[in-house]
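See below for the structure under consideration.
The values are calculated or read from the model by the stated rules, or taken from the named source; none is laboratory data. Quick caveat: nothing in here was measured; it's all calculated off a predicted structure. Ideal geometry is used to build each Cβ from the backbone, glycine not excepted, and the neighbour counts take in all protein chains shown. All accessible areas refer to the heavy atoms of the entire protein, side chains included, with ligands and DNA or RNA removed. Shrake-Rupley method; radii C 1.70, N 1.55, O 1.52, S 1.80 Å.
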Amino acid sequence: MIIDFHTHCFSEQVVDAAIGLLERRSGIKTNGGGTPPQLRSAMDSHGIDVSVVLPVATKPSQVDPINRWAKEETDGKLIFFGAFHPEDPDFDKHLQWVQQNGFAGVKLHPDYQGCYADEPRMFPLYEAIRDSGLILALHAGLDNVYIYPVH
């Protein structure tokens with residue numbers, strides 16, 4: 001079985017804006033379109049059995065809609081992690097929802113979320129994720145879209 005652990009896709013409502021922004025900022029043309037059906041098609045073409053999708057919420061108001069969409073799209077071929085934002089006032093409620101709805105983990109991306117991974121305010125979030133038993137996928141290092149500063 002081949003698992004691609006770090007993939008992205010977007011809902012039909014935001015795919016064009018999201019892909020357009022990423023392409024403009026990075027100077028890299030995307031390959032595959034960006035929707036769940038397009039990701040599944042690319043997986044089939046390349047012999048990938050399962051993709052873990054790591055959505056990113058760039059503002060707190062996106063957390064709930066992204067996670068509800070991710071729950072609908074999870075099908076065994078695409079396994080979504082929950083999207084979180086460090087400034088989400090309902091972090092605990094959203095963490096509990098993700099845990100109760102069968103997500104394996106959550107994703108944080110400091111560059112897109114305007115924080116540093118080692119800020120003291122982040123540690124209670126990490127502890128809550130750890131205590132929930134969920135996996136934390138934390139983007140680290142240089143990103144072609146947000147080059148400097150590296151968060």
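Give me the percent of accessible area attributable to carbon and sulfur for the chain, probe 1.4 angstrom.
54
Taking the alpha-carbon distance from residue 107 and a cut-off under 20 Å, which lysines remain once sequence neighbours fewer than 8 residues away in the same chain are dropped?
Partners within reach: 59, 71, 77, 93.
Sorting 61, 51 by accessible area (1.4 Å probe), largest first, what list results? Before the final figure, lay out the partial values.
Values: 61 85, 51 0 Å².
Order by accessible area, largest first: 61, 51.
Taking R0 as 22 Å, what's the FRET efficiency between residue 41 and residue 72 from their Cβ-Cβ distance, rounded to 0.05?
Computed FRET efficiency for residue 41 and residue 72 comes out at 0.75.
Give me the percent of Cα-Cα pairs in segment 1-133 that sit more than 18 Å apart, rounded to a whole number.
Values: 4894 of 8778 pairs.
When every Cα pair of segment 1-133 is considered, 56 percent fall beyond 18 Å.
In segment 1-74, which trypsin sites (Lys or Arg not before Pro) are in a loop and have at most 16 other Cβ atoms within 10 Å, using DSSP for the loop call?
Loop-located and lightly packed - 29.
Where is the GNM fluctuation largest for the chain (alpha-carbon springs, 10 angstrom cutoff): 54, 136, 21?
Answer for the Gaussian network model of the chain: 21.
Treat every Asp and Glu Cβ in the chain as -1 and every Lys and Arg Cβ as +1, leave all other atoms uncharged, and give the resulting dipole magnitude about the Cα centre to the nearest 20 debye.
It comes to approximately 200 debye.
Name the residues whose placed amide hydrogens come within less than 5 Å of the amide hydrogen of residue 52, ignoring near sequence neighbours (fewer than 5 apart) on the same chain.
Under 5 Å from the amide H of residue 52: 4, 5, 6, 7, 79.
Just to be sure I understand: with springs between alpha-carbon atoms less than 10 Å apart, which residue in 110, 36, 124 has the highest mean-square fluctuation in the Gaussian network model of the chain?
124
Please list, by residue number, every one of the chymotrypsin sites (Phe, Trp or Tyr not before Pro) in segment 49-150 that is coil in DSSP and has at most 15 other beta-carbon atoms within 10 Å.
Taking segment 49-150 and a limit of 15 other Cβ atoms within 10 Å, the loop chymotrypsin sites (Phe, Trp or Tyr not before Pro) found are 116.
Count charges around residue 65 for me, please; just the other residues with Cβ under 14 Å from its Cβ, Lys/Arg as +1, Asp/Glu as -1.
Net local charge, residue 65 excluded: -3.
At most 16 other Cβ atoms within 10 Å and a DSSP loop assignment: could you name the GluC sites (Glu not before Pro) in segment 56-121 that fit? Don't jump to the answer; show the numbers that get you there.
Numbers: sites: 72, 73, 87; in loops: 87.
Answer in residue order: 87.
Please identify, among 67, 31, 101, the residue showing maximal mean-square fluctuation in a Gaussian network model of the chain using a 10 angstrom Cα cutoff.
31
Given 34, 55, 22, which one lies farthest toward the positive end of the charge dipole of segment 1-66, if we put +1 on the Cβ of every Lys and Arg and -1 on the Cβ of every Asp and Glu?
Value: 22.
Magnitude of the Cβ-charge dipole of segment 1-87, K/R +1 and D/E -1, about the Cα centre, nearest 20 debye?
Using only the charged Cβ atoms, the result is roughly 240 debye.
For the chain, what does the accessible surface come to per residue with a 1.4 Å probe? Please give it in Å².
55
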